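Taking it in order: structure first as structure tokens, then the write-up.
The values are calculated or read from the model by the stated rules, or taken from the named source; none is laboratory data. From a predicted model like this one, the values you see are computed outputs, not experimental measurements. Cβ placement follows ideal geometry from the backbone for every residue including glycine, while neighbour counts extend to all protein chains displayed.
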Amino acid sequence: MLTYKAPLRDIKFLMNEVFDFPKHYAGLDCGKNADPETVDMILEGFAEFSKDVLAPLYQSGDAEGCHFKDGEVTTPKGFKEAYQAFVEGAWQSLSYPEQYGGMALPTSLNLIKAEMMGTANWPFSMYPGLTTGAINTIMQYGSTEQKDTYLPKLVSGEWSGTMCLTEAGCGTDLGQMKTSAKPSDDGSYLINGTKIFISAGEHDLTENIIHIVLARLPNAPVGTKGISLFIVPKFLVNADGTVGERNGVSCGSIEHKMGINSSATCVMNFDNAKGFLIGEANKGLKAMFTYMNTARIGTGIQGLSHMELAFQNSLPYAKERRSMRAQSGVKEPDKPADAIIHHADVRRLLLTQKAFSEGARSMIYHTARYADKLYEAVGKGDQEAIEHWDDKMGFFTPIIKGFLTELSLESAKNAQQVFGGHGYIKEWGMELIARDARISTLYEGTTGVQALDLLGRKVLLQGKGKVVRDYTTGIMKWCGDYALDKEMRKYVWALTKLCAEWNVLTGRIALTALRKNRDVVSSASEDYLMYSGYVMMAYHWARMAAIAYDKMKNGGQQPYEFYLAKIQTAEFYFDKILPRTNGLADSMTASPEVMTDMKIEHFIID
């Protein structure tokens with residue numbers, strides 16, 4: 001059976017020793033509430049809730065799945081009680097303004113909470129996770145009346161939210177969307193259409209579900225320029241804030257999926273459903289990107305969650321399972337065979353998982369600080385600051401979403417390899433992690449979509465490579481601070497070469513696209529995303545190693561062995577993982593013609 005214990009030691013290492021969250025919080029308006037004692041209390045409280053309440057429901061929830069009958073969805077046994085405990089603990093309200101019932105704590109704490117919840121039970125975490133995006137969208141674009149109507153119950157967790165984008169035949173290309181919105185005399189709109197793949201679209205956990213829906217007004221411009229955003233509640237809301245009559249929203253069916261079986265994925269029908277315009281008409285996609293950025297960071301957290309859970313459960317197995325003798329000599333002479341952790345290849349599997357999960361955590365926590373700045377700007381209505389921090393986050397989100405979710409699949413595979421044949425058997429849980437991790441590479445746009453967003457839009461179109469130059473300049477400045485440190489020399493030298501190469505590769509792709517063949521952007525984009533991710537994670541491992549060296553010499557908050565393990569894992573990452581960038585560099589600069597020259601009619605199945 002899968003077990004989970006929140007890695008509080010590593011979480012606090014990043015928060016207190018690597019990124020200095022206490023200082024960061026002191027610079028935020030909402031940071032006054034995030035004193036170290038309060039933060040520790042929240043981390044330890046939710047760690048216990050995740051371990052004792054959520055984790056035990058993960059495998060049983062998958063085995064039972066959600067039930068659909070007559071338009072209603074029932075979640076697996078124990079979910080409703082767990083969600084009620086979640087609401088009673090006020091866990092949904094951590095990072096929202098006090099005027100709506102929130103605790104007014106930094107949003108980064110909500111993301112760290114999401115990591116623990118997601119690792120314990122990812123499908124359960126999707127119900128409150130979708131609500132987070134709805135809250136953020138209404139917070140930034142809703143009217144005062146809309147905020148007062150919906151936010152108190154969403155923030156408390158009494159109501160939940162969804163994101164309704166996708167339609168049949170219209171996934172990432174939202175310009176083809178057909179759901180319509182017809183104005184009514186009372187200022188509302190009648191929404192008609194069908195949305196698919198709607199996570200948490202229908203369930204029995206909350207008394208109301210607030211759908212955030214993309215739809216097209218009459219005579220709207222074609223394509224994405226003609227999309228508007230609407231609030232469409234499952235039940236209309238009375239003037240006193242209570243639940244009123246049923247709206248024209250119904251669940252047509254739930255999907256039978258490869259994984260995340262205890263998360264309801266719904267087909268939602270809108271039949272003259274009353275909706276309320278949020279933000280400006282025909283500018284719904286811009287508002288929806290607030291939701292999507294939240295979701296993309298959340299999906300990156302899903303990648304981390306699967307990495308962490310796979311490692312936490314494969315490590316003890318490797319210490320207990322005995323098979324053969326280690327090639328370097330007998331390690332446990334009093335046993336019939338040595339534990340498989342003594343085999344170098346098994347250590348490779350485990351160290352890869354450890355390097356990925358701890359590196360991913362560092363990348364997400366770094367981005368979480370930008371999220372704090374962004375949502376503080378949203379609260380103030382400071383549009384210039386909103387655009388600044390949104391741009392900052394925009395570079396990281398496709399890497400966090402695309403790169404980390406791909407690594408989560410590798411971690412799940414490695415865990416199955418550690419377990420051998422047992423990794424294929426349900427009772428051990430490795431196949432469950434592998435199935436659930438698979439969807440993370442598809443959510444909020446496939447890896448290819450994220451890669452094209454990174455290279456085509458964020459790097460080349462918006463700034464002609466400036467975002468990479470700025471980011472690598474920051475790395476190089478950091479390298480300069482450690483240039484004379486003999487212990488850090490290998491990291492500094494490797495990062496210096498990679499920063500130079502990253503900029504050269506960006507320039508080569510840009511020139512090829514400009515002068516010869518624009519297909520190079522699409523053909524190179526996934527290699528470029530993975531390359532960017534490996535370099536970014538290398539920088540985070542170098543930073544963690546530098547802190548670990550310092551703490552080993554001067555004393556830190558963690559045991560000496562903790563810091564030594566950090567350094568050894570950093571060395572493993574640089575020696576065994578980072579060389580993958582060499583092949584990616586060669587692949588991304590290969591001619592796109594090897595993909596584009598073959599005629600469509602030659603793609604045949606005989």
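Going by the conditions given, is Ala510 in contact with a Phe, Trp or Tyr (Cβ under 7 Å, 6 or more places away or on another chain) and either touching a residue at least 12 places away in the same chain (Cβ under 8 Å) or surrounded by fewer than 21 Cβ atoms within 10 Å (Cβ to Cβ) (or both)? Please lay out each step first, then the result.
Details: in contact with a Phe, Trp or Tyr (Cβ under 7 Å, 6 or more places away or on another chain): no; either touching a residue at least 12 places away in the same chain (Cβ under 8 Å) or surrounded by fewer than 21 Cβ atoms within 10 Å (Cβ to Cβ) (or both): yes.
The answer is no for Ala510.
In the range 64-82, which residue that is in contact (Cβ under 8 Å) with a residue 60 or more places away in the chain, in contact with a Leu (Cβ under 9 Å, 6 or more places away or on another chain) and not β-branched (Val, Ile, Thr) is nearest to Lys5 (Cα to Cα)?
Going through the range 64-82, the residues in contact (Cβ under 8 Å) with a residue 60 or more places away in the chain turn out to be 64-66, 68, 71-76, 79-80.
Filter again for in contact with a Leu (Cβ under 9 Å, 6 or more places away or on another chain), leaving 75-76, 79-80.
Subset that is not β-branched (Val, Ile, Thr): 76, 79-80.
On the way: Pro76: 23, Phe79: 20, Lys80: 22 Å.
In this case the residue turns out to be Phe79.
Which of the helices (runs of 4 or more DSSP H) found entirely inside the range 1-79 contain at least 3 residues meeting this: closer than 15 Å to Thr107 by Cα and within 23 Å of the chain's Cα centre (by Cα)?
Working: elements: 8-12, 21-26, 36-49, 58-64.
Correct list: 21-26, 36-49.
Among (1) of a type in the set (A, V, I, L, M); (2) closer than 25 Å to Arg361 by Cβ; (3) touching an Asp or Glu at 6+ places or on another chain (Cβ under 8 Å), which single condition is Val53 missing?
(3) is the only condition that Val53 fails.
Take Gly329 and tell me if it is at pLDDT 95 or above and more than 15 Å from Ala415 (Cβ to Cβ).
Details: at pLDDT 95 or above: no; more than 15 Å from Ala415 (Cβ to Cβ): yes.
Here the answer is no, as Gly329 does not meet what is asked.
Only one of these is within 30 Å of Leu105 (Cα to Cα), surrounded by fewer than 20 Cβ atoms within 10 Å (Cβ to Cβ) and not acidic (Asp, Glu): Lys286, Lys373. Name it. If you could, list the steps in order and put the result at the bottom.
Details: Lys373 fails: surrounded by fewer than 20 Cβ atoms within 10 Å (Cβ to Cβ).
Answer to the selection: Lys286.
Could you look through the range 238-264, keep only residues that are of a type in the set (A, V, I, L, M, F, W, C), surrounded by fewer than 19 Cβ atoms within 10 Å (Cβ to Cβ) and touching a residue at least 12 places away in the same chain (Cβ under 8 Å), and pick out the one that is nearest to Val213 (Cα to Cα)?
As a first pass, look at the range 238-264 and keep what is of a type in the set (A, V, I, L, M, F, W, C): 239, 243, 249, 251, 254, 258, 260, 264.
If we keep only those that are surrounded by fewer than 19 Cβ atoms within 10 Å (Cβ to Cβ) as well, we get 239, 243, 258.
Narrowing further to those that are touching a residue at least 12 places away in the same chain (Cβ under 8 Å): 243, 258.
Values: Val243: 20, Met258: 26 Å.
Checked the range 238-264; the qualifying residue nearest to Val213 (Cα to Cα) is Val243.
Look through the range 148-185, keep the residues that are more than 21 Å from the chain's Cα centre (by Cα) and in a strand (DSSP E or B), and return whichever of them is surrounded by the most Cβ atoms within 10 Å (Cβ to Cβ).
If we take residues in the range 148-185 being more than 21 Å from the chain's Cα centre (by Cα) and in a strand (DSSP E or B), then Ala181 is surrounded by the most Cβ atoms within 10 Å (Cβ to Cβ).
Quick check on my filter: what residues within the range 85-95 are of a type outside the set (A, V, I, L, M, F, W, C) and either more than 25 Å from Ser108 (Cα to Cα) or without any contact (Cβ under 8 Å) to a residue 40 or more places away in the chain (or both)? Working first, answer last.
So the first thing to find is which residues in the range 85-95 are of a type outside the set (A, V, I, L, M, F, W, C), and the list is 88-89, 92-93, 95.
Answer for the range 85-95, where residues must be of a type outside the set (A, V, I, L, M, F, W, C) and either more than 25 Å from Ser108 (Cα to Cα) or without any contact (Cβ under 8 Å) to a residue 40 or more places away in the chain (or both): just Glu88.
Looking for something within 21 Å of Asp586 (Cα to Cα), surrounded by fewer than 21 Cβ atoms within 10 Å (Cβ to Cβ) and not aliphatic (A, V, I, L, M) - is there at least one such residue anywhere in the range 466-482?
Keep residues of the range 466-482 that are within 21 Å of Asp586 (Cα to Cα), which gives 468-469, 472.
Okay, now just the ones that are also surrounded by fewer than 21 Cβ atoms within 10 Å (Cβ to Cβ), so 469.
Applying the additional criterion that residues be not aliphatic (A, V, I, L, M) yields 469.
Within the range 466-482, one or more residues are within 21 Å of Asp586 (Cα to Cα), surrounded by fewer than 21 Cβ atoms within 10 Å (Cβ to Cβ) and not aliphatic (A, V, I, L, M).
Considering only residues of the range 104-136 that are modelled with pLDDT under 95 and in contact with a Phe, Trp or Tyr (Cβ under 6 Å, 6 or more places away or on another chain), which is farthest from Gly279 (Cα to Cα)?
Here the residue is Thr107.
Looking only at the range 224-265, which residues are among the β-branched types (Val, Ile, Thr), within 20 Å of Glu167 (Cβ to Cβ) and touching a Lys or Arg at 6+ places or on another chain (Cβ under 9 Å)? Break it down into steps so the answer makes sense when it comes.
Initial filter on the range 224-265 (among the β-branched types (Val, Ile, Thr)): 224, 227, 231-232, 237, 242-243, 249, 254, 260, 265.
Next, from what is left, pick out any that are within 20 Å of Glu167 (Cβ to Cβ): 224, 227, 231-232, 249, 254, 265.
Matches in the range 224-265: Ile227, Val232, Val249, Thr265.
Could you check how many residues of the range 320-354 are within 30 Å of Asp20 (Cα to Cα) and outside any helix (DSSP H, G or I)?
Of the residues in the range 320-354, the ones within 30 Å of Asp20 (Cα to Cα) are 350-354.
Next, only the ones that are outside any helix (DSSP H, G or I) stay: none.
Result for the range 320-354: 0.
Out of Ala500, Ala545, Ala524, which single residue is of a type in the set (Gly, Ala, Ser), part of a helix (DSSP H, G or I) and under 27 Å from His388 (Cα atoms)?
Values: Ala545 fails: under 27 Å from His388 (Cα atoms); Ala524 fails: under 27 Å from His388 (Cα atoms).
That would be Ala500, the only listed residue that is of a type in the set (Gly, Ala, Ser), part of a helix (DSSP H, G or I) and under 27 Å from His388 (Cα atoms).
Under the condition of being touching a residue at least 60 places away in the same chain (Cβ under 8 Å) and loosely packed, with under 15 Cβ neighbours inside 10 Å, which residue from the range 550-589 is nearest to Pro7 (Cα to Cα)?
For the range 550-589, the residue satisfying everything is Gln557.
Condition (residue is more than 30 Å from Thr512 (Cβ to Cβ), of a type outside the set (D, E, K, R), assigned to a helix (DSSP H, G or I) and within 23 Å of the chain's Cα centre (by Cα)) applied to the range 550-561: is it met by at least one residue?
Filtering the range 550-561 for residues more than 30 Å from Thr512 (Cβ to Cβ) gives 550-561.
Among the residues that remain, those that are also of a type outside the set (D, E, K, R) are: 552, 554-560.
Those still in the list that are assigned to a helix (DSSP H, G or I) too: 552, 554, 560.
Retained after the next criterion (residues that are within 23 Å of the chain's Cα centre (by Cα)): none.
For the range 550-561, residues more than 30 Å from Thr512 (Cβ to Cβ), of a type outside the set (D, E, K, R), assigned to a helix (DSSP H, G or I) and within 23 Å of the chain's Cα centre (by Cα): absent.
For the condition farther than 15 Å from Gln312 by Cα, small (Gly, Ala, Ser) and modelled with pLDDT under 95, what is the one hit in Ala377, Ala344? Step through it out loud before you land on a result.
Working: Ala344 fails: modelled with pLDDT under 95.
Just one listed residue meets the conditions, Ala377.
Take Ala281 and tell me if it is in contact (Cβ under 8 Å) with a residue 40 or more places away in the chain, in contact with a strand residue (DSSP E or B) (Cβ under 6 Å, 6 or more places away or on another chain) and surrounded by fewer than 22 Cβ atoms within 10 Å (Cβ to Cβ). Let's see the steps before the verdict.
On the way: in contact (Cβ under 8 Å) with a residue 40 or more places away in the chain: yes; in contact with a strand residue (DSSP E or B) (Cβ under 6 Å, 6 or more places away or on another chain): yes; surrounded by fewer than 22 Cβ atoms within 10 Å (Cβ to Cβ): yes.
Yes: the conditions hold for Ala281.
Before we move on, is Thr137 surrounded by 21 or more Cβ atoms within 10 Å (Cβ to Cβ) and in contact with a helix residue (DSSP H, G or I) (Cβ under 9 Å, 6 or more places away or on another chain)?
Details: surrounded by 21 or more Cβ atoms within 10 Å (Cβ to Cβ): yes; in contact with a helix residue (DSSP H, G or I) (Cβ under 9 Å, 6 or more places away or on another chain): yes.
Yes: the conditions hold for Thr137.
Can you tell me which of Ser143, Ser188 is surrounded by fewer than 17 Cβ atoms within 10 Å (Cβ to Cβ), among the small types (Gly, Ala, Ser) and modelled with pLDDT of 95 or more? First the steps, then the outcome.
Working: Ser188 fails: surrounded by fewer than 17 Cβ atoms within 10 Å (Cβ to Cβ).
Testing whether each residue is surrounded by fewer than 17 Cβ atoms within 10 Å (Cβ to Cβ), among the small types (Gly, Ala, Ser) and modelled with pLDDT of 95 or more leaves just Ser143.
Within the range 445-465, restricting attention to residues that are polar (S, T, N, Q) and surrounded by 15 or more Cβ atoms within 10 Å (Cβ to Cβ), which residue is nearest to Arg508 (Cα to Cα)?
First, the residues of the range 445-465 that are polar (S, T, N, Q): 446-447, 450, 462.
Among the residues that remain, those that are also surrounded by 15 or more Cβ atoms within 10 Å (Cβ to Cβ) are: 446-447, 450.
Values: Thr446: 25, Thr447: 22, Gln450: 20 Å.
My answer is Gln450.
Checking the conditions here, which among Ser314, Ser357, Ser362 is more than 30 Å from Thr107 (Cβ to Cβ), of a type in the set (Ser, Thr, Tyr), in contact with a helix residue (DSSP H, G or I) (Cβ under 6 Å, 6 or more places away or on another chain) and assigned to a helix (DSSP H, G or I)? Write out each step before concluding.
On the way: Ser357 fails: more than 30 Å from Thr107 (Cβ to Cβ); Ser362 fails: more than 30 Å from Thr107 (Cβ to Cβ).
Result: Ser314 is the single residue among Ser314, Ser357, Ser362 that is more than 30 Å from Thr107 (Cβ to Cβ), of a type in the set (Ser, Thr, Tyr), in contact with a helix residue (DSSP H, G or I) (Cβ under 6 Å, 6 or more places away or on another chain) and assigned to a helix (DSSP H, G or I).
Which one of Asn517, Asn503 is of a type outside the set (Lys, Arg) and free of Cβ contacts under 8 Å to residues at least 40 places away in the same chain? It would help to see each step written out before you state the result.
Numbers: Asn517 fails: free of Cβ contacts under 8 Å to residues at least 40 places away in the same chain.
None of the others qualify; the one that does is Asn503.
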